[in-house]
Amino acid sequence: MRQYLGNKKAILFFLLPAMLIYTVIIIYPVLQTVYRSFYNWDGLSEATFNGLGNFRDLFTDPLLKTSLKNGGIFALVLVVFQIGLGTILALVCADVKVKGRKLLKTAYFIPVVLSVTVVCQLWIAIYDPTNGLINRLLQMLGIPYQQHWLTSPTKSIIAIAFVNAWQFMGYQFALLYAGVKSIPEQYMEAATIDGCSKWKAHWKVTLPLMKETYKFCFTIAITGGISAFTQMLIMTNGGPGTSNYTMTFMVYRYAFLESNYGYACAVAVVLVIISLIATVVINKVFDRNEAV
Amino acid sequence: MKSTWNKTWAGVLALTLVASLTACGGGSSSNKPTNTGTSGGSEAGANEKVKLKVYAQHFDDDTAKPFDYAVEELKKEMPNVEIELDPAVQDGFQKLKTYAATGNLPDIYYTDWNTLQTFSKSQNVQVLDDYDTTKEYKANLNPGVESRMVAPDGHVYAFPDTGVEFELLYYNKKIFQEAGISVPIKTIDELAEAAQKLKAKGYVPLSIFAKEKWITTAFYNAFLTREDGIGTGVFEKGDPKETPQSAVTAAEQVKKLQQAGLLDVNATNTNYDQASSMFYTGKSAMLINGQWEIYSAQEKMGDNVDFMYWPAKDEQTYENMKFQMNGSGGPQGYAVSSKSKNIDVAVKVAAFIAKKSAEYKFTVLGNPIVAPKIDKPVTATDIPAMMKRLTTDVLPNAKGYAVAVSKLSISTAIDDNTQNLLVDGFSVDDFVKNMNRALSK
């Protein structure tokens, strides 16, 4: 083994294909995006250098404010629903006394394997203001809270985020369940012998030991929320107007609808930076808790 | 050893970055063809076999049959030309743009003004101004459709087959009778009143597939063209920095109608299938769509459907403006790639296909909305009554058409904000504020 690890040329030789592929599909596009963000470019013509002009325009673009707000709401809904509820379900399914655990685990994961388009169409029908399941149910129960779920400029983003949260909750659940199962049972037994109730033992023992899992779950939930796109495109096409825009939707609009690729690249660069900052902050927060 | 190792890695990384940045530096600055004039590329001899790739709409009977007819006719007229069809996809011309970006444009392609603008700047489209074929085609256009061929910048980039299409207000005669609404509805107030009567009877007054933003612009443009004949063209005429008064008035009218309950509560989340289904199944009393809907409407509803002219603020304006068509004819049609090896032949073939497609639509389908004049008789026997009405009542009296918006940032702002007008909580002031922002850019 030592002899093998000492052969740096061999390591380099075997790593080179992966490095090249990574360069072509990740590094090169990212560099291109950063490079093009400093230009006025329609995707076909010769680009003209614009310095920081695209970024200056972006920071005064009202769509950025809308997109950031929507990204924040989306991320919050994902965190609360996917991680919050995912944790509870993971703890329940990890309990050997719960009957039907296998069935529950499968049921929670089923939406993940469905097509996003199918799920969106399903929820479009559920959200229909006249004949949709939710409004009909509220009507039947005599609750006067019927809403225009997908046509309201303020509520529709929450309704759409919920669809994403519902569909991919099973994925977060699988990660959290694996995290719970990786904790040795002796810890829980020791806590129980010390007089802890089951839920208190989870609070004091299980959850703190799942820090690394949570770090990953929070990262994918928050960055996924900030960069959400597909559900908005399918369910409301970003509307009414631009009320459901996120930063990825901005990229789509400026690149493919307005042929303003330079500006779209600037939006993409800011999106990447915000996602990186979110990732760093999440890591710092979890690392600080560890220090305490 | 460690130092050598680090240097090797640093070298590899540096090379990778240099390679990436070098690739970044490359681009479309090179390879600038001349895309004007009357010849280009290496031309084939008169009888030499020429193969041309054509990117054309060919996804249903309406698009495939006229094209196939044109190709059959071409075989008789130019037997040395072989057409290879590349069926267009309905993707906002993204596939075509990808072809252009990768240098693979077909010899002839069907596209719209938005794409032509980009292709003109990037020299991917042949400017057709000086070709004899162009002069002949232009001289043979139907009245009022010049804007389909001559771009706002004064150049010709494509040969149009269709004329200027426009949006109509279709209505269900029986439902109108049942609700006691007399036609034509001439004013906005009458339309609002009709909406309330229809709602009281349990109908959705007007179904609109407002999930697609172009139809919300068309709906808004219908009222704007009553105020100013050029419609949304007012947003570019004279390069205004603020929303023109006519556009504000039209926004107020749309808002008034929305508040009167003219539209379904789910309008901005309704697609074409849902909206048309509501109309055809008698759940809604009116439908807005282009004149191309006539065939489906007549087929599904028979004599129970007709269209009316768009109402205006008062009867006098209605009478003055009812023949101002709610449709803007931006340039579109068959364009020729400036990279084609057989440009001269391609120009002739593009014009021929455009003309013959129009001929099929006019003679076989009885559709009068075609760009070139057709000197052949109509052979269709089952022309819908509404289409006949277009031919006899509307087109001969058409006073003019709206003007297409060229600037993409303004047209997308119009799309966004006209859709917004259809929902509660978005005011006319919001509309004006957003449009002013777009105009001041």
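The values are calculated or read from the model by the stated rules, or taken from the named source; none is laboratory data. Quick caveat, the model's predicted, so the values are computed rather than measured. Here Cβ is always computed from backbone atoms with ideal geometry, including for glycine, and neighbour counts include all displayed protein chains. The area values use the complete protein model at the heavy-atom level, side chains included, leaving out ligands, DNA and RNA. Shrake-Rupley method; radii C 1.70, N 1.55, O 1.52, S 1.80 Å.
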Whose amide H sits under 5 Å from the amide H of B:V305, counting only residues 5 or more places off or on another chain, with H placed in the peptide plane?
B:K173
Between B:D273 and B:D61, the FRET efficiency computed from the C-beta separation at R0 = 22 Å comes out, to the nearest 0.05, as 0.80
Charges at C-beta only: +1 for Lys and Arg, -1 for Asp and Glu. How large is the resulting dipole of region A:61-291 about its Cα centre, in Debye rounded to 20?
440
Counting only protein heavy atoms and rolling a 1.4 Å probe, one gets per residue an accessible area for the protein assembly as shown in Å² of 47
Label-to-label distance, nm, for residues given as B:T317 and B:K283 (7 Å Cα→Cβ offset):
3.3
Note on region B:261-286: residues buried by at least 20 Å² of accessible area once partner chains are added (vs chain on its own, 1.4 Å probe) come out as B:V265, B:N266, B:T268, B:N269
Which lysines have a Cα lying under 27 Å from the Cα of B:K237, excluding residues fewer than 8 positions away in the same chain?
B:K121, B:K138, B:K213, B:K255, B:K256, B:K313, B:K322, B:K399, B:K407, B:K433, B:K441
Can you tell me the length gained on complete extension of the stretch A:W203 to A:I277, counting 0.36 nm per residue apart and subtracting the Cα distance?
23.8 nm
Accessible area, 1.4 Å probe, largest first: how do B:R389, A:R136 sort?
A:R136, B:R389
So the carbon and sulfur contribution to the accessible area of region A:61-291, 1.4 Å probe, in percent, is 69
1/(1 + (r/R0)^6) with r = Cβ-Cβ of A:Q147 and A:L122, R0 = 25 Å, i.e. FRET efficiency to nearest 0.05, evaluates to 0.90
Count charges around B:V248 for me, please; just the other residues with Cβ under 13 Å from its Cβ, Lys/Arg as +1, Asp/Glu as -1.
-2
Helix B:408-420 sits at what angle to the longest principal axis of chain B, using alpha carbons and giving 0 to 90 degrees rounded to 10?
30
Once neighbouring chains are kept in place and the probe is 1.4 Å, which whole percent of the accessible area of chain B is contributed by carbon and sulfur?
50
Interchain or long-range residues, amide H under 5 Å from B:K53's placed H
B:E84, B:D107, B:I108
Counted charge near B:N271, where neighbours are those whose Cβ lies closer than 13 Å (Asp, Glu -1; Lys, Arg +1):
-2
Give the interface area between chains B and A as buried accessible surface, both sides summed, probe 1.4 Å, in Å² to the nearest 100.
3500
Cα gyration tensor shape for the protein assembly as shown, rounded if a/c is under 1.5, else prolate or oblate
oblate
Just counting partner chain Cβ atoms within 10 Å, what average do the residues of peptide A:122-132 show around their Cβ?
2
Provide the packing ranking of A:19-28, A:61-70, B:409-418, i.e. peptides ordered by the mean count of other C-beta atoms within 10 Å per residue, highest first.
B:409-418, A:61-70, A:19-28
Along the charge dipole of region A:139-236, pointing to its positive end and built from +1/-1 on Cβ of Lys, Arg, Asp and Glu, which listed residue (A:A159, A:M210, A:G179) has its Cα farthest out?
A:A159
Highest GNM mean-square fluctuation among B:A100, B:A350, B:A250, for chain B with Cα springs under 10 Å, belongs to B:A100
Taking the Cα centroid of region B:392-429 and of region A:59-111, what is the distance between the two, rounded to the nearest whole Å?
41
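How would A:F286, B:F209 line up by accessible area, probe 1.4 Å, largest first? Provide the component values of the computation, followed by the final result.
On the way: A:F286 30, B:F209 5 Å².
Sorted descending by solvent-accessible area, the residues read A:F286, B:F209.
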Indicate, rounded to the nearest 5 percent, the antiparallel portion of the DSSP beta bridges found entirely in chain B.
55
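Mind ranking A:92-101, A:218-227 by how tightly packed they are, going by the mean number of other C-beta atoms within 10 angstrom, highest first?
By packing density, highest mean first, the sequence is A:218-227, A:92-101.
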Quick calc, the protein assembly as shown, dipole around Cα centre from Cβ unit charges on Lys, Arg (+) and Asp, Glu (-), nearest 20 debye, gives 3180
In region A:230-258, accessible area falls by at least 40 Å² from chain alone to full assembly (1.4 Å probe) for A:N237, A:P240, A:G241, A:R253, A:F256, A:E258
Once amide hydrogens are built 1.01 Å from N within the peptide plane, the residues lying 5 or more places from B:G400 or on another chain with amide H under 5 Å from its amide H are B:M325
Simple spin-label estimate for B:N397 and A:V96 in nanometres, 7 Å along Cα-Cβ:
8.7
Of the candidates B:Q94, B:S406, B:A64, the farthest towards the positive dipole end of chain B (Lys/Arg Cβ +1, Asp/Glu Cβ -1, centred on the Cα centre) is B:Q94
With a ≥ b ≥ c the root eigenvalues of the C-alpha gyration tensor of region A:1-133, is it rounded (a/c under 1.5), prolate (a/b larger than b/c) or oblate?
oblate
Please tell me which of these pairs span more than 20 angstrom C-alpha to C-alpha: B:K174/B:K211; B:K97/B:K348; B:K76/B:K388; B:K76/B:K356?
B:K174/B:K211; B:K97/B:K348; B:K76/B:K388
Average partner chain C-beta neighbours within 10 Å, per residue of A:40-48?
6
Run the quick spin-label model on B:E178 and A:N131: label points 7 Å from Cα toward the beta carbon, then report their separation in nm to one decimal.
1.7
Quote the relative contact order of region A:61-291 in percent (integer), defining contacts as alpha-carbon pairs under 8 Å separated by 6+ residues.
30
Ignoring ligands, DNA and RNA, the residues of region B:187-213 whose accessible area with a 1.4 Å probe is reduced by 40 Å² or more relative to the chain alone are B:K211, B:K213
Within region B:132-148, backbone nitrogen closer than 15 Å to the virtual label 7 Å beyond the Cα of B:D375 toward Cβ
B:136-142
Overall form of chain B per C-alpha gyration tensor (a/c, 1.5; a/b vs b/c)
oblate
About the Cα centre, charge dipole magnitude for chain B (Lys/Arg +1, Asp/Glu -1 at Cβ), debye:
1040
Is there a simple number for the mean count of other chain Cβ atoms within 10 Å of the Cβ of residues in B:416-425, and what is it?
5
Determine the percent antiparallel among the DSSP beta bridges restricted to the protein assembly as shown, to the nearest 5.
55
Viscosity 1.002 mPa s, temperature 20 °C: Stokes-Einstein D of region B:207-363 from its Kirkwood Cα radius, in µm² per second?
116
